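Participant: Before anything else, here's the structure in question.
What follows draws every value from the coordinates through simple rules; no lab data is involved. All of these numbers come straight from a predicted model, not from anything done at the bench. Every residue, glycine as well, gets a Cβ built from its backbone with ideal geometry; the counts of neighbours run over all protein chains shown.
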Amino acid sequence: MPSEYRLILKYADQPDYSSDLECYLRHSGYEALKKALAIPPKSLGDGKTSSGPEQIREEVRVAGLRGRGGAGFSCGLKWSFVDRKSGKPIYLICNADESEPGTFKDKQIIYKDPHQMLEGMIIACYANDVHLAYIYIRGEFVEGAKILSRALKEAREKKFLGRNILGSGYDLDIWLHRGAGAYICGEETGLIESLEGKRAYPRIKPPYFPAVLGLYMCPTIVNNVETLCAVKHIVAMGGSEYAKLGTPNNTGTRIVSISGRVKKPGYYEIEVGKATLGQLINEPAFGGGLREGRKLKAVIPGGSSAKVFKAGEKFKLKRKGPDGKEAEQEMDMLDLPYDFDSLVAAGSMSGSGAIIVLDDSTDIVEALSNIADFYAHESCGQCTPCREGSLWMAKALHRLTHGEGRKNDADYLVKIADNIPGGRTICAFGEACSWPVQSFVAKFKDDFVAKGARDEERREQAAKAAAVEASAPESRAGVLA
Ligand SMILES: Cc1cc2nc3c(=O)[nH]c(=O)nc-3n(C[C@H](O)[C@H](O)[C@H](O)COP(=O)(O)O)c2cc1C
Ligand code: SF4
């Protein structure tokens, strides 16, 4: 039976562990940074050498680390895109916006082990020749911002930050920036605009890929909090050792936030792909199963943007058999390994690692209405399909949840959702707001149609009664008399 594998959260919940620097140092804190700074240039044998920073980048590539912020993009590849010849400064931004509904993992790191995040950031900055970096933290994380401010001060005092870090000759400072609390500030180009002091309007890609034209039009790396923590462990243990954790192409550990109708909602760190979706929901080591007498209805496997799975849904996935050969295998959604690739192959995604569990007490139309309200509120409004479409979907769902639905609302919703994404919008928010609607309606169409039909029937009956009343005023007068 799989259990938690705590690498990043190793100390986080221990009773004697605190967020201050002294405690971090007692637990081998900043040792990976010392190791990173001491890596000597390596001869490559053909007259060329690989610098310490280049070797760290290579270790991250070998580790197979994929971003933990949502898209699961290769961290090594992202770093390789950085324009290192532009002559402009290279910036790094730690994305601590954590805005995807259902996700509450980064805040655990920030609140409980801020120096681990700083150490990962400093190493990533050193590896990429960054001398000024930013932490963009969501405005509502007031306590988190205070903790990080203190941690930054402590790190500066002990020379882990600032000029000539630990006598290495390397200079770096990190600034903390508090956002004003908008989902779109988590999208990397919206975040960059916000950091520049503007409204968080995402930028169009191309040309504004952060690795080339990011903050102040300079090459910029944006990485998630958890991704940067993993960098520290990759340096500490070596890329190939890190790659032994998890499963092929889905290496390392990740922190999964489990919420909704389970007995033990919470955050759990696992080796990627070593536990199935069902185990994460049902095992005592994780979600602990549904409440007594309840049945599973649906699971949103990767934050509110991810396409929903229906209980009992089956998928055909390519798997390696005991003979090492790939064959198609049918599996229940609960048997899907919780990794990046399996969930994508099943038509959804593990996204920000947030599993939201819905049981048979959940009104599926209400649940989608709640999600759609969020997206309608959070659309930045630049693109017409997203701005208007998200609102129209929310309005249609309001109709359905307030007794004003129509029989064809289900089709209407899908028609709108189908016309938002697919290159019609500047950023991936277009997909994020469409996927829940497309998948909820496709998989639970009867629930939507039944509500709309019931409302229409009620309205028709009311109209008929009104017509009868209107056509026979005398008889009504007679009754009243
Ligand atoms: C609408 C939207 C919201 C996002 N919110 C977050 C967020 O809160 N935190 C985050 O790390 N990434 C978020 N992302 C993903 C970022 O754009 C970016 O891909 C990520 O920070 C890169 O880090 P990673 O490669 O380490 O995952 C969001 C993306 C979109 C489209
Ligand atoms: S897709 Fe939506 S959130 Fe993204 S830029 Fe366009 S309007 Fe803004």
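Participant: Tabulate in residue order the Karplus-calculated ³J(HN,Hα) for segment 150-155, using 6.51 cos²θ - 1.76 cosθ + 1.60 with θ = phi - 60°, rounded to whole Hz; enter x for Gly and Pro.
Facilitator: Ordered by residue, 3J(HN,Hα) equals 5, 4, 5, 4, 4, 5 Hz.
Participant: Oh, and also: Taking Cα pairs under 8 Å and at least six residues apart, what relative contact order does the chain come out at, in percent? Spell out each step's value before the answer.
Facilitator: Numbers: 944 pairs, mean separation 71.4, N = 481.
Across the chain, relative contact order equals 15 percent.
Participant: What is the set of long-range amide H partners of Ile90 at a cut-off below 5 Å, with H atoms built 1.01 Å from backbone N?
Facilitator: Residues meeting the criterion, in which the H sits 1.01 Å from N, are His131.
Participant: Placing +1 on the Cβ of each Lys and Arg and -1 on the Cβ of each Asp and Glu in the chain, which of Phe104, Cys229, His402 has its Cα farthest towards the positive end of the resulting dipole?
Facilitator: The Cα lying farthest towards the positive end belongs to Cys229.
Participant: Given the peptides 358-364, 150-156, 256-262, arrange them by the average over their residues of other C-beta atoms within 10 Å, most packed first. Could the numbers behind the result be given before it?
Facilitator: On the way: 358-364: 16.3, 150-156: 18.7, 256-262: 21.9.
Packing order, densest peptide first, comes out as 256-262, 150-156, 358-364.
Participant: Just name one of Val414, Met121, Gly162: the one whose Cα is farthest towards the positive end of the charge dipole of the chain (beta-carbon charges, Lys/Arg +1, Asp/Glu -1).
Facilitator: Highest projection toward the positive end goes to Gly162.
Participant: Quote the relative contact order of segment 93-230 in percent (integer), defining contacts as alpha-carbon pairs under 8 Å separated by 6+ residues. It would help to have the intermediate numbers written out before the result.
Facilitator: Numbers: 219 pairs, mean separation 41.5, N = 138.
Normalised by residue count, the contact order of segment 93-230 is 30 percent.
Participant: When the dipole is taken about the Cα centre of the chain, and only Lys, Arg (+1) and Asp, Glu (-1) are charged at their Cβ, what size is it in debye, to the nearest 20?
Facilitator: Values: 65 positive and 63 negative charges, 127 e Å.
Dipole magnitude for the chain comes out near 600 debye.
Participant: How far is the Cα center of segment 305-353 from the Cα center of segment 171-198, in Å?
Facilitator: 34
Participant: Per 0.36 nm of contour for each residue apart, how much would the distance between Trp175 and Asp16 grow if the chain were fully extended, relative to their Cα-Cα spacing? The partial results should precede the final answer.
Facilitator: Working: separation 159, 0.36 × 159 = 57.24 nm, distance 2.88 nm.
Stretched fully, the Trp175-Asp16 segment lengthens by 54.4 nm.
Participant: Here's another thing I want to ask about it. Would you compute, for the Cα atoms of segment 153-215, the largest minus smallest coordinate along each principal axis and list the three values in descending order, in whole Å?
Facilitator: Largest first, segment 153-215 extends 41, 26, 15 Å along its Cα principal axes.
Participant: Please report, to two decimal places, log10 I(q)/I(0) for the chain at q = 0.06, 0.09 Å⁻¹ as given by the Debye formula with identical point scatterers on the Cα atoms and no solvent.
Facilitator: Treating every Cα as an identical point scatterer, log10 I(q)/I(0) equals -0.31, -0.65.
Participant: From the Cα trace of segment 97-196, what convex hull volume per residue do you get, rounded to a whole Å³?
Facilitator: Details: hull volume 9.6 nm³, N = 100.
For segment 97-196, the hull spanned by Cα atoms encloses 96 Å³ per residue.
Participant: Here is a further query. Using the alpha carbon gyration tensor of segment 105-263, what are the three equivalent-ellipsoid semi-axes (square root of 5 times each eigenvalue), largest first, in whole Å? Mind dumping the intermediate values first?
Facilitator: Details: eigenvalues 105, 100, 70 Å².
So the equivalent ellipsoid measures 23, 22, 19 Å along its semi-axes.
Participant: Here is a further query. Return the long-range amide H neighbours of Gly246 (sequence gap of 5 or more, or a different chain), with a cut-off of under 5 Å between placed amide H atoms.
Facilitator: Gly252, Val272
Participant: Oh, and also: Spelling out what I want: for every residue of segment 210-227, take phi, set θ = phi - 60°, compute 6.51 cos²θ - 1.76 cosθ + 1.60 (Karplus), and round to whole Hz; glycine and proline get x.
Facilitator: So the Karplus estimates, Gly and Pro as x, are x, 4, 10, 10, x, 4, 6, 6, 10, x, 9, 9, 10, 10, 6, 3, 5, 4 Hz.
Participant: Looking at the calculated P(r) for segment 266-422, what percent of the C-alpha pair distances fall above 20 Å?
Facilitator: Numbers: 7120 of 12246 pairs.
Distances greater than 20 Å cover 58 percent of the Cα pairs.
Participant: Right, next: Any chance you could list P(r) for segment 34-174, counting all Cα-Cα pairs in 5 angstrom bins from zero, rounded to whole %?
Facilitator: Taking all Cα pairs of segment 34-174, the binned fractions are 2, 9, 17, 20, 20, 16, 10, 4, 2, 1, 0 percent.
Participant: Oh, and also: 5 Å is the cut-off here: which amide hydrogens, built 1.01 Å from N in the peptide plane, fall below it relative to Gln329, excluding neighbours closer than 5 in sequence?
Facilitator: Answer set, sorted by chain and number: Leu317, Lys318, Arg319.
Participant: Here's something else I'd like to know. Val468 to Ala345: FRET efficiency via 1/(1 + (r/R0)^6), r the Cβ-Cβ distance, R0 41 Å, to the nearest 0.05?
Facilitator: 0.10
Participant: Shifting gears a bit: For segment 228-332, what class follows from the C-alpha gyration tensor (a ≥ b ≥ c being the square roots of its eigenvalues): rounded when a/c is under 1.5, otherwise prolate if a/b is larger than b/c, else oblate? Don't skip to the answer; put the middle values down first.
Facilitator: Working: a/c = 2.27, a/b = 1.27, b/c = 1.79.
Note, shape of segment 228-332 comes out oblate.
Participant: Still on this model: Which is farthest toward the positive dipole end of segment 312-418 among Leu336, Thr384, Ile364, measuring Cα position about the Cα centre, with Cβ charges +1 (Lys, Arg) and -1 (Asp, Glu)?
Facilitator: Thr384
Participant: Report ³J(HN,Hα) in whole Hz for each residue of segment 390-402, in order, from the Karplus equation J = 6.51 cos²θ - 1.76 cosθ + 1.60 where θ = phi - 60°; Gly and Pro get x.
Facilitator: Rounded to whole hertz, the list is 5, 6, 4, 5, 4, 5, 4, 6, 4, 3, 5, 8, 10.
Participant: Based on Cβ point charges of +1 for Lys and Arg and -1 for Asp and Glu, what charge dipole magnitude is obtained for segment 124-198 about its Cα centre, in debye rounded to the nearest 20?
Facilitator: Numbers: 10 positive and 11 negative charges, 83 e Å.
I would put it at about 400 debye.
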